[in-house]
Amino acid sequence: MEVIKSKWQLVSNSFKVDQDPLLINEQQAALEKAIKETVRENQIRVNANQPQIPIPTRGTTTSRPTTSRPSTWYRYEVKVRNTGAKTIRRLTWEYAQATNTPSREFSSNAKIRPGATKNLVVKSSRPPTGVVDASQIGKAKADEAPEQVIILRVEYEDRAVWTRTPQ
């Protein structure tokens, strides 16, 4: 197993350029208008001994789709090559940094034939770094990469398993 490339990126689903930033305000105004009209209609219906219609709620009056709340997550990607003779069905890998911060461990179901490469992508709510000790910045060993992917476990199609020995 060979790690060819790895990266991570911050992903946010906040407003996009083509979205109307005032859409939420327009939806609220439309809801308030619909409520007033329904209350007025129900007063007329009560006077005429007719059943009342339900008061509209959020989501029942908007014709345009509502926007979701902005959220942030992290996308981890690793490109691997199967250098072995067996087809891989699952990998457990770790995204680590040389700053002694906690690593991120992921499992990926992936069918990777011998000699083939595959991009594995996972989402996480956790960033690649945790709390960093400022006194240790710049003191990393010269042979340590700032970021690295470590293959922890390989499960093959024939149910054989390879596990990294702890170091």
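The values are calculated or read from the model by the stated rules, or taken from the named source; none is laboratory data. Only a predicted model underlies this, so the values are computations on that prediction, with no experimental measurement involved. Note that we place each Cβ from the backbone using ideal geometry, even for glycine, and neighbour counts take in every protein chain shown.
Quick notes on this one:
- Evaluation of V149 against (1) surrounded by fewer than 13 Cβ atoms within 10 Å (Cβ to Cβ); (2) at pLDDT 70 or above; (3) β-branched (V, I, T) (one fails), failing number: (1)
- Checking each residue in region 81-103 for being over 15 Å from R153 (Cβ atoms), at pLDDT 85 or above and in a strand (DSSP E or B) picks out only R81.
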